[in-house]
Amino acid sequence: MSTKLCIFNQTTNLIDITDGVATYTGSPATAYAPIVLNAEGALDSSFFSTSTPITATAAVNLTAGQLVNLYYTGVNVSARLASALSTDNLPAMGFVAADATSGATVTVNTQGLVNCPFVTGFSPSDVGAPVYLSTTSPGSVQLALPTPPDLVQPLGYIYQVGGTLNSYVQFPFVSYPLAEAVSVPIATTSVAGIVKPDGVTIDVNVSGQISVPTATGLAFGLVKPDGTTITISSGVISSVGDGGGGGFGPPLTTTPTDPDGGTSYTLSATPTTPTASFYFVNGVKRIYGAYYSISGNTLTILADVPPQDGDTHEIYAY
């Protein structure tokens, strides 16, 4: 039902009766027409759009204020109801300015105040609360934050809740890129792929805390240079001891069998890898295989001029 208004015609100096316009349609036919309040007794939000409206074809019957998703059919741009349900995944790209039947041309605003219909669970006390694209009512909004994998699309803050039985909410719609929400389920059992070095899985409790069981034995994957494993006790990794195949510790003591120009020396331990040893005489490094060799715990001098009595010997090996 249209609202009739009387306006003064400055050309004829007569009173004309004309229809008032309650919603913005973008039609030239309504140019200079007087604006009237809508059925809710408010100035319709379609007049407040600050963006250039988009003309689309309604894919379904649409009601003014419903949120829509735009898509290309191969022929034209069409508007369908937006939905945050994961199986739909249709983000809101705007809202329709007026009612439209399926197949009809409809104006879609991408910004501005919107009176979104078909809402439930709202009250005037919700003014100032954020709203999200609905997961249950396509084209509408909800107060509850959607849970992924449903789409999480914030749409604005409530300015007004009105209508019969609070049937619509008003908020400033702004179409921003979606902030993707990532859901990380909390594991209540061992998680495959998160493992200790010995292959035992790590537990994550319902509070999100990771529990790393204390290793009671040798941990596979943590090894000393000689290939043996490192012991973990009460969560502490043991340090590599010196000597006895435990890496480079203090120099192995040597005892010359001949104190003056001797050619063989007895080491205090048997090196695991003789070729990786380091032998110094008076601080000068000697070359294995050219100056000396090691067999068991015996170091043999191969050079023509062996060390002399009083020389300092240092042998590092593991």
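Can you name every residue in the stretch 142-184 that is on the phi > 0 side of the Ramachandran plot, surrounded by 13 or more Cβ atoms within 10 Å (Cβ to Cβ) and modelled with pLDDT under 75?
163, 166
Just to be sure I understand, how many residues within the stretch 125-141 are of a type in the set (S, T, N, Q) and modelled with pLDDT under 90?
Number satisfying all stated conditions: 1.
Go through the stretch 121-134 residue by residue and tally those that are surrounded by fewer than 20 Cβ atoms within 10 Å (Cβ to Cβ), on the phi < 0 side of the Ramachandran plot and not acidic (Asp, Glu).
Matching residues across the stretch 121-134 total 6.
Exactly one condition in (1) loosely packed, with under 15 Cβ neighbours inside 10 Å; (2) modelled with pLDDT of 90 or more; (3) outside any strand (DSSP E or B) is not met by residue 41; state its number.
(2)
So residue 74 clears everything in (1) over 30 Å from residue 149 (Cβ atoms); (2) in a loop (DSSP other than H, G, I, E, B); (3) modelled with pLDDT of 85 or more except one condition, right? Which one?
Single failed check for residue 74: (1).
Yes or no, residue by residue, for (1) under 53 Å from the mean Cα position of the chain (by Cα); (2) among the charged types (D, E, K, R); (3) surrounded by fewer than 16 Cβ atoms within 10 Å (Cβ to Cβ); (4) modelled with pLDDT under 80:
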residue	(1), (2), (3), (4)
225	yes, no, yes, yes
228	yes, no, yes, yes
242	yes, yes, yes, yes
246	yes, no, no, yes
254	no, no, no, yes
260	no, yes, yes, yes
281	no, no, no, no
304	no, yes, yes, yes
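When you scan the stretch 113-155, how many residues do you find that are assigned to a loop (DSSP other than H, G, I, E, B) and not charged (D, E, K, R)?
The total comes to 26.
Within the stretch 114-139, which residues are under 23 Å from residue 77 (Cα atoms) and touching a helix residue (DSSP H, G or I) at 6+ places or on another chain (Cβ under 8 Å)?
The answer is 114, and nothing else.
Quick check on residue 106: is it in a strand (DSSP E or B), more than 31 Å from the chain's Cα centre (by Cα) and either surrounded by 15 or more Cβ atoms within 10 Å (Cβ to Cβ) or free of Cβ contacts under 8 Å to residues at least 24 places away in the same chain (or both)?
Here the answer is yes, as residue 106 does meet what is asked.
The values are calculated or read from the model by the stated rules, or taken from the named source; none is laboratory data. Note that the coordinates shown come from a computational prediction; the quantities given were computed from them, not determined experimentally. Backbone-built Cβ (ideal geometry, glycine too); neighbour counts: all protein chains shown.
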